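One structure is given here, and the rest of the page talks about it.
The values are calculated or read from the model by the stated rules, or taken from the named source; none is laboratory data. These numbers come from a predicted model, not from an experiment. As a convention, Cβ positions derive from the backbone with ideal geometry for all residues, glycine included, and neighbour counts pool all protein chains shown.
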Amino acid sequence: MEIDSRVFSDQKIGKLLIKFAIPTILSLLVMELYNMVDTIFVGSTIGAKGIGALTIALPIQKLISSTGLMMAVGTSTAVSRNLGKKRFDKIRKIILNSLILTSLVLSLLCITVFIFRNYIIKNLLGSSESLFSYAYQYISIILVGGIFQCLTLVIGYVIMSLGDTKLTLKATSLGAIINVILDLILVVHFSMGVKGAAIATTFSQILAFIYAFKKFIKVKKEIDLQFKFSFEIPIVKSIITVGFSTFIVEVSDGLLSIVFNNLLSVHGGDDAVVIIGTITKLSMFLFITVIGISSAMQPIAAFNYGAKNYQRLKLVIKETIIFITITTLIAWGGMFVFSSYLIGIFLKDIELLIKAVKAFRIVIIIFPCVGIYYVSIYCCQALEKAKSSFVLSIYRETLVCIPAAIILVYKLGTMGAWLAYPIADFISCITGLFYIRKIINSLKKLN
């Protein structure tokens, strides 16, 4: 793979955004689809309890994928910024440190969750007795695949930050296809339930990693990367600092799930937990679009920031906002109109379906405005504004949505939980707009 930095500096911004957004969105989609595809197959064979169990397991999957994304985004941003500065020796060190860091952190995380899984499922994830055994089986197995999933992410993002988007597309597509095939065999044909779904997910993640690693070996030779143990604290700190906001954004979703699971299990029972699980899975498509486009902008912005091309950087930010708003409006419109059909894929109970459709439409009512908020987070990351990106990353879910939900649920019941989402979206949009204007003004001064 020949490194051509002109892709970042010369190519039309709209075309470049699409080129980077498609593989990014697909890789994020596949991460989420592992749980969603499993949910569809388990729901059709076991029923609502299977859906509830996988909803309980979702925060664990979020935690693992969030950690992987932190490493991947932190690494790719650092690589892109140094590519702009033409520091190729630094790029080699960043990649090597990232792979070692990812392996160590993910191994430690998955082993810890495995050891304490009984306590975590019962006390932290809010599982009822009827859902516990299913959630326990699923989580125990998927922890193995999580390590390989995150290494695949890091490899894909690194190669994408060097200008090649094909690997991420191929590796994620391979994992998704294998997962569906294995779910059909293990869950449907052999009736293995959640255990079969977990095995399918884990095996497909391992195969996707093997494919990505083989391709990475070729790239390793071309960039003259030597595999040797290297752990340089400044580089590790840089990767974590830049990627931490992405981690917080993703983990906040998991924290949101835990809070909502606990709130709704008390105020709405298992039915409410099933509804929020279904809503989370569907609205995930909207979030993937927004986060995919925002994070696709990040290496482009980081490169031009490193190259001190501030005029192009301003155009990148402005065109990303336009692109993300139009794309989100289209996706949102489709989901709003066809919500009954889409939710019906997961829920067969008519009464539950009607409640879920109403709740879903309330939750996403003003979603198109939230793209600006996510652009502001990834802008701050690309421009090395770690404090601002951290504040923004905890803002929507942790500082606005969760407190709003806690207050409103006690006053309005389950309706309060649904209303907390549009309130958080509106406030986050205004805040994101403020930060973007601040960034644009600072770039004008630099220019």
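Can you name every residue in region 415-442 that is surrounded by fewer than 21 Cβ atoms within 10 Å (Cβ to Cβ) and touching a Leu at 6+ places or on another chain (Cβ under 6 Å)? 416, 419, listed by residue number.
Residue 365: assigned to a loop (DSSP other than H, G, I, E, B), modelled with pLDDT of 90 or more and on the phi < 0 side of the Ramachandran plot, yes or no? Yes; evaluated as a whole, the condition is true for this residue.
Tell me whether region 26-43 contains one or more residues that are over 19 Å from the mean Cα position of the chain (by Cα), of a type in the set (Gly, Ala, Ser) and within 30 Å of residue 187 (Cα to Cα). Yes, the conditions are met somewhere in region 26-43.
Every test in (1) closer than 25 Å to residue 172 by Cβ; (2) within 19 Å of the chain's Cα centre (by Cα); (3) crowded, with 24+ Cβ neighbours inside 10 Å is passed by residue 56 save one, and that test is (1). May I ask you to list the residues in region 261-274 that are in contact with a Ser or Thr (Cβ under 8 Å, 6 or more places away or on another chain) and of a type outside the set (Ser, Thr, Tyr)? Selection gives 261, 264, 267, 268, 270, 272, 273, 274.
When the residues of region 130-166 are filtered to those that are small (Gly, Ala, Ser) and in a helix (DSSP H, G or I), the one that is nearest to residue 62 (Cα to Cα) is 146. Scanning region 158-204 for residues being in contact with a Leu (Cβ under 9 Å, 6 or more places away or on another chain) and without any contact (Cβ under 8 Å) to a residue 12 or more places away in the chain gives a total of 1. Taken over region 177-223, the criterion of being in contact with a Phe, Trp or Tyr (Cβ under 6 Å, 6 or more places away or on another chain) and of a type in the set (Asp, Glu) is satisfied by 183 alone. Is it true that some residue in region 285-300 is more than 24 Å from residue 392 (Cα to Cα), touching a residue at least 24 places away in the same chain (Cβ under 8 Å), assigned to a helix (DSSP H, G or I) and among the hydroxyl-bearing types (Ser, Thr, Tyr)? No: region 285-300 contains no residue that is more than 24 Å from residue 392 (Cα to Cα), touching a residue at least 24 places away in the same chain (Cβ under 8 Å), assigned to a helix (DSSP H, G or I) and among the hydroxyl-bearing types (Ser, Thr, Tyr).
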